[in-house]
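Heads up, the thing below is written out as structure tokens.
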Amino acid sequence: MPETILFIDKDEHLLNSLEDILADKHFVYRRASGIEEALDCLRSNSISVIAIDSRMADSGTEGLISQIRAISPGSLRVLMTTGTDIARAIDAINRDDFFRYIIKPLDISELMQTLEDAVRRFKLVLSLKNKDNAAILSTIQSMESKDPYSRGHAESVVRYALMIAEALDFSEEAKEDLQYGCWLHDLGKIDIPNKILNKKQLLIKEEYEVIKNHPVWGASITKQANISGPVHNIVLYHHERYDGNGYPSGISGNDIPLAARIATIADVYSALTSDRAYRKKYDNEKAVDIMYLMRGNVFDPELLDIFLNKCLVLSRPFLKH
């Protein structure tokens, strides 16, 4: 079944143009030029994605967003804004009011990419709720395909995390949760605009804050899908640090759930031993040396020792300093 997209904008000419543009796409197009008309449309239709003009949102953002959430909580919201108001758009994304923003005048290719990403996110929540692993894997692979340097990252994080789980004699149920959580750990990156995720220049402060929100956004997806426990914890806490200087919550030590502490080690080792746009991959020994420098500040020291001494096969034995 094609997904339904609702555009809310006072510009009738734009709405007419969008109707023509989307006529041959795999979407059902709905339009509204006023807030009450939009709310009526939401009450009578199943809407996957809602694109809202920023000027209409400004006429009562909190009230409008809260009503949309109440009527259609699963719908993804996209903000259509001007190039002079990007900071406010980013702030709206950080508040989780919107999934993504697009700049007016609309670039058709960017618009289509945004709609496709939003529909993918919408379907992902449904897949998680239905435990459709084939669809979930397809989404993860699609996300990774946007960045050739992250291709296969989720699978390698799973592999290293399960090494630690084996050394700790985890139950089969606990290993299954760990595998699922590591598989989904970067889930929230689906919410990061491509213009930020793939930016070659240094990120501005607001853009970096968007990047740092991906654990929260990923956790909001697992929460929407009614996934709790270790899987949710890995998605939410895999960027926390043992010394409390991580994000998003700044928790430390054993307050960080065990599964998330394991995932952090696996995540960093996978990143260090993979090529990146800004560097070539490190060999195992160099990666181990780098990780040992983070023992006790980024990583749980006991878990790191288990990983380095019991899980990895190195050309030289690793000795604690």
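The table below gives the values:
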| read-out | value |
| --- | --- |
| Within region 212-233, tally of residues that are open to solvent by less than 20 Å² (accessible area, probe 1.4 Å), outside any loop (DSSP other than H, G, I, E, B) and out of contact with any Pro (no Cβ under 8 Å at 6 or more places or on another chain) | 7 |
| Output for region 218-236, where each listed residue is over 19 Å from Phe99 (Cβ atoms) and without any contact (Cβ under 8 Å) to a residue 24 or more places away in the chain | Ser228 |
| Candidate set: region 94-127, residues that are in a loop (DSSP other than H, G, I, E, B) and crowded, with 19+ Cβ neighbours inside 10 Å; chosen: the one farthest from the chain's Cα centre (by Cα) | Asp97 |
| Single unsatisfied condition, Tyr29 versus (1) touching a helix residue (DSSP H, G or I) at 6+ places or on another chain (Cβ under 6 Å); (2) open to solvent by 80 Å² or more (accessible area, probe 1.4 Å) | (2) |
| Some residue of region 63-81 being among the polar types (S, T, N, Q), over 21 Å from Ile192 (Cα atoms), under 26 Å from the mean Cα position of the chain (by Cα) and not in a loop (DSSP other than H, G, I, E, B) | yes |
| Close pairs (6 angstrom Cβ cut-off, 6 or more residues apart or separate chains): of a type in the set (Asp, Glu) in region 89-108, open to solvent by less than 10 Å² (accessible area, probe 1.4 Å) and not in a loop (DSSP other than H, G, I, E, B) anywhere | Asp97/Ile65 |
| Whichever residue in region 33-52 is under 12 Å from Ile8 (Cα atoms) and of a type in the set (Val, Ile, Thr) and, among such residues, is modelled with the lowest pLDDT | Ile35 |
| Check on His185, over 20 Å from Arg55 (Cα atoms) and surrounded by fewer than 21 Cβ atoms within 10 Å (Cβ to Cβ) | no |
| Meets criteria (under 28 Å from Leu76 (Cβ atoms) and among the basic types (Lys, Arg)) for Lys205 | yes |
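The values are calculated or read from the model by the stated rules, or taken from the named source; none is laboratory data. As the structure is a computational prediction, the values presented were derived from the model and not from experiment. Glycine also receives a Cβ, built like all others from the backbone with ideal geometry; neighbour counts cover every protein chain displayed. Keep in mind that these areas ignore ligands, DNA and RNA; they rest on the heavy atoms of the full protein, side chains included. Shrake-Rupley method; radii C 1.70, N 1.55, O 1.52, S 1.80 Å.
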